[in-house]
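For reference, the structure discussed in these notes is given below.
The values are calculated or read from the model by the stated rules, or taken from the named source; none is laboratory data. The structure presented is a predicted model; accordingly, all values stated were derived computationally and were not measured. Don't worry about glycine lacking a Cβ; one is built from the backbone with ideal geometry, like all the others, and counts go over all protein chains shown.
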Amino acid sequence: MAERSPGALCLDLPVPGHIRQQVVQLREFVEREIRPIEERYTSKLLDERDQLDASGKLIPEIQVAKEEIRRAAGAAGYHALQVPAELGGGGMSPSDLMYMQEEVYRDGLRLTKEVLPWTEGPSPLLYHLAPDLRERYLGRLMRGEVSACFAATEPNVGSDLTALETSAKRDGDGWVLTGHKAFITGAPFAQFALVVAQTSVGSGREGLAVFVVDADTRGYRVGRMATTMIEDGNTSELHLDHCRVPDSHRIGEVGQGLALAMLWINWARMRRGGMCSGLGQFCLEASLRYSSQRRAFGRPLRDLPAVGAMLSDMYVDLYRMRSTSIQCLGQIEQFQYSSLALPPAAIRATSVMKLANDEALFKIADTAIQIHGARGLTKSAQLEKIFRVARNLRIPAGTTEIQGWTIAKTLRALEI
């Protein structure tokens, strides 16, 4: 696999000077430390079906490779970039982190993306852990030694977290959790779960709480794999059958569960910027190369008016979504974004950012496939995988419709 250059688009979509050197160092780290690991699995990386067992779960060798990359990245500090300095992290702002994520995802959807943590890594929710538990959970995540999963969604509950059926009943000095979670990313391999549960039936948001539950807790069981269109091999059901946890494993107070869950969800929404911009650049760069090399009617494809218009649309969508992310993250950073009380302006910005990125990447990936023709449908091009992932992104961490609804609700609060 040839070393990847910064690319012409990096000059056209510049990175601010104060973070540029760190982006370059990340690129060098990937080429030096991660590329050799990735090259060992080249044959299996072309088609994700080669990475899955009969149940749809990642095969051990691919999971081992991902864990090896996470440990290397953790040792280099890349799994703690966004964690506040007072908690031992890099203290990087969401805006600066976006440029780091963008660099990683410009490589597409291969193993390189494991260099920076996604939903399995250290999230702001864990900043609210009891201080004596931070090293055990947050610290190990920061070093890439373990992975976590966020368990909110249930078979009958998605967007409306106040309707959760998983229960947490007080029992002496602890809690007993019982319930069935569904579509939990990271559950098959996580060492612990962040479980959102209802402490009092019918109490809505007032009874919600979040608990840390170790995967080796009695009654904790990973269920059936969720074989979704992205075939990630990393999403499954999670069963909690009278799992007992100490009260110290409760994050925050009872009644703060919805705010804590939304803290995690908004954090996931904020991370769309770098991911979608990087993947969008991958699609556009691939389309520019292909349309320059492929000839039809006696000239390069890019010189055909229809294809030129498609390339133009891709660039405008990429530029627009990237600019939206930069603007939204700048707004969010005016507030304490890891607190439990985000103001409407910050909430609106996270929804605008997610909606804009999800919709734009879907269009960009679709157009890239169209430009490539039959080649765009092949596994080796990566474009069809990005298209499937882009379609998937419009549902988790709040559907496109939920984002629109949230934006509308916060706009109603404005005094005009």
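The table for this structure:
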{"quantity": "Output for region 26-85, where each listed residue is small (Gly, Ala, Ser) and over 19 Å from Gly233 (Cα atoms)", "calculated": "Ala72, Ala73, Gly74, Ala75, Ala76, Gly77, Ala80, Ala85"}
{"quantity": "Answer from Glu68, Glu48 - the residue that is buried (at least 16 other Cβ atoms within 10 Å of the Cβ), at pLDDT below 95 and either assigned by TED's automatic domain parsing to the domain that holds Cys276 or of a type outside the set (Lys, Arg) (or both)", "calculated": "Glu48"}
{"quantity": "Only one of Ser380, Ser338 that is among the polar types (S, T, N, Q), in a loop (DSSP other than H, G, I, E, B), modelled with pLDDT under 95 and out of contact with any His (no Cβ under 6 Å at 6 or more places or on another chain)", "calculated": "Ser338"}
{"quantity": "Test: Gly139 is in contact (Cβ under 8 Å) with a residue 40 or more places away in the chain and not in a loop (DSSP other than H, G, I, E, B)", "calculated": "yes"}
{"quantity": "Test: residue in region 3-14 that is outside the structural domain of Ala365 (by TED's automatic domain parsing), of a type in the set (A, V, I, L, M, F, W, C) and within 21 Å of the chain's Cα centre (by Cα)", "calculated": "no"}
{"quantity": "Evaluation of Phe183 against (1) on the phi > 0 side of the Ramachandran plot; (2) surrounded by fewer than 20 Cβ atoms within 10 Å (Cβ to Cβ); (3) in a loop (DSSP other than H, G, I, E, B) (one fails), failing number", "calculated": "(3)"}
{"quantity": "Given (1) crowded, with 20+ Cβ neighbours inside 10 Å; (2) among the polar types (S, T, N, Q); (3) touching a strand residue (DSSP E or B) at 6+ places or on another chain (Cβ under 8 Å), index of the condition Thr162 fails", "calculated": "(1)"}
{"quantity": "Ala54 being small (Gly, Ala, Ser) and either within 30 Å of Leu133 (Cβ to Cβ) or assigned by TED's automatic domain parsing to the domain that holds Asn357 (or both)", "calculated": "no"}
